[in-house]
1. Based solely on its DSSP helices, what 222 nm [θ] is calculated for chain A when runs of n ≥ 4 H residues each add -39,500 (n - 2.57) and the sum is averaged over all residues, nearest 500 deg cm²/dmol?
2. What ranking, highest mean first, results for peptides B:131-141, B:96-106 when packing means the other Cβ atoms within 10 Å averaged over each residue?
3. On average, how many beta carbons from a partner chain sit within 10 Å of the beta carbon of a residue in B:82-93?
4. Hey, got the average number of other protein chain Cβ atoms within 10 angstrom for residues in B:97-110?
5. Using only the Cα atoms of the range B:267-513, construct the convex hull and provide its projected area averaged over every direction, in square nanometres to one decimal.
6. Starting from the Kirkwood radius over alpha-carbon pairs of the range B:387-523, derive D by Stokes-Einstein at 20 °C in a medium of 1.002 mPa s and give it in µm² s⁻¹.
7. What is the diffusion coefficient of the range B:186-307 in µm²/s, taking the Kirkwood radius over Cα pairs and the Stokes-Einstein relation at 25 °C with a viscosity of 0.890 mPa s?
8. For the range B:2-249, take the convex hull of the Cα atoms, compute a quarter of its surface area, and give me that in nm², please.
């Protein structure tokens, strides 16, 4: 493989990595907000799925992508609210509530989709107006000829859809919100020791709901990206476990925003590899089967969840409903 | 002159706090009954009472954690409803809880400003708090590193952070719930100096404690609560610990145990060069050697976390260690492969664990089920290989409960439904009634009422007088001093020295507990 070709392949991989990481980044940050406030959220998957469906369906029906996105976020928010009511107001088990949301989304999308479009649970393919467009950043074409940096700017950084840039901006925004603002301080405190917030005269319930609803919005964006940017229609179970991969990335990142970005890019990279180079030939000796490369993100998930990446200490009040003690 | 002015102000000003007719019920339990209390401005007011007497409930009402069913609160003479904690903070009330309400992985500064930030951005609040903290730490003896993470601070420093939190919120009235429970004597003295300083600045302090010595030492007035009622309020100078104890319990209580001098016999337990390394690779026991003789109580003093827990767990058979332990002259297995709590009990070692709710009992099990743990394979409890003889166990439990005055004496009641003192009596009954050669007992009276303490202490001394060996681990120095025949002080996994209880005092022990050598080790 000559250098030029290798460079081209690397650019292609980097570009693909970003494209497929975006869903993970949205989901991972959603989980970060929720879990930092002490609410475990394994319903990321379900919220993204329901949003992916409603974004595609409403976008198709109205012909406007933004109506679709609004519908997707609204659907995801409803599910977030269900999780909030179950686990904050009624102090239910957060894991069970999350599982229920995943089942609900998985079933509802197919049932509603079938009744609506009669296509076996799929939505019809979306036209260009019903999807996000690629955005060419300024000077992308003029700078393309600059050696090395030019193609990186023009092909990897420029030319993505709007939600890609939104996701990239939300990472620093999350960091700033968590560590530089009053809201962030209280949110983190609620996840670590809710009693400290309560005795300081601040409502624990309000902050937990805020966190859960932010997670709802972010999952909504993740789902919207999936069916209108990465894909061009809703397909049954199209989230394909990405909500869970995002949770693994969250643990890998030890609940910190910048590390979450890195972890999601790592998972995205593995997915990109399996998309671009399904059959890797190892020195002409043997071929790594496509099934293996496709399984890589999931294998990494299992490895991370089994605790091979060092000790990850979750927020201390995570998973526990807050009850005032006597 | 300043004093005269202060006095005049106290007499003319309205009381800092006035509670009138406060009542609060949790279901059928009346936690507070028609409580009336008046606390003078600039005074230290103590509140004593047994567990469940309603002290904490009353303070929670004052701090807005609970809403009273009836009654009124006046702050500085003005009627002030306190529906939630932010109302209490606004009224100038600050509270230092028994279990600190701190975020462990936040810095001191972040903890101080939490809930009192000046605006949506943190930076200006942090800068302001840093300045104010500097002032406060100069004014009172409240120095803490503002940038330290709370989890890296000692318990004493964490408590200072709690006090700073209250002062940052401009509290005029400070409530402290059992502030010295987890402190060394030196740290406790320090807190009292801080409180004295705050009082001189005109702050009002309410001190909840069960330690009568502290009440006598620092308070101006003291109120006694019993079964949800305020039974008396007296000037501290005009009362005595004995009178307060009687008011708390409702009968005369012996605060000092009557015990004859020990007549020790042969060594029952010999420990040589015991070492334990925990799973983080930290040495928790560093070459412990000791012996306990028949007919004596060996007391082990120390701030919790200096290896006492590990020592008890090794002896009790559920922590592996290296070194030698002899029971009645024969060596026992320390690898943990051939021993557990049950095999140790067969060797005559009974164990009353430090944490009765986690290790001594299963809280959801009935008293009679709890009564056989560690002895469940005893033929007396089993009909055959499959069936247990529940009727026999219940009968025996009822008899043991009777002898140990467990209230209520109902074998079928779940362990969690007994009070702390009665839970402890169940554990003691189970272990003592098996007639062991050696009794390991950890924190026998932690969270136990003063009346039950008397009973438990008497039982331990009786067992000694029957010629049994007793190893007592306690963080309560009063308890160590009054029960032990010999005292060892543990610090950082080793033994600082042995003292004779008749020839030492809390001050000397306190220094040893803090790792400082004293020159009284000659005895």
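1. Calculated mean residue ellipticity at 222 nm is -21000 deg cm²/dmol.
2. Values: B:131-141: 14.5, B:96-106: 19.8.
So the peptides B:131-141, B:96-106, ranked by packing, come out B:96-106, B:131-141.
3. Taking all residues of B:82-93 together, the mean is 2.
4. The mean count of partner-chain Cβ atoms within 10 Å per residue comes to 4.
5. 13.2 nm²
6. 128 µm²/s
7. D = 129 µm²/s.
8. Details: hull surface 55.5 nm².
So the Cα hull casts an average projection of 13.9 nm².
Bear in mind that the values in this text are calculations on the coordinates, not laboratory data. No experiment lies behind these values; they were computed from the predicted model shown. In this analysis, Cβ positions are derived from the backbone assuming ideal geometry, glycine residues included, and neighbour counts consider all displayed protein chains.
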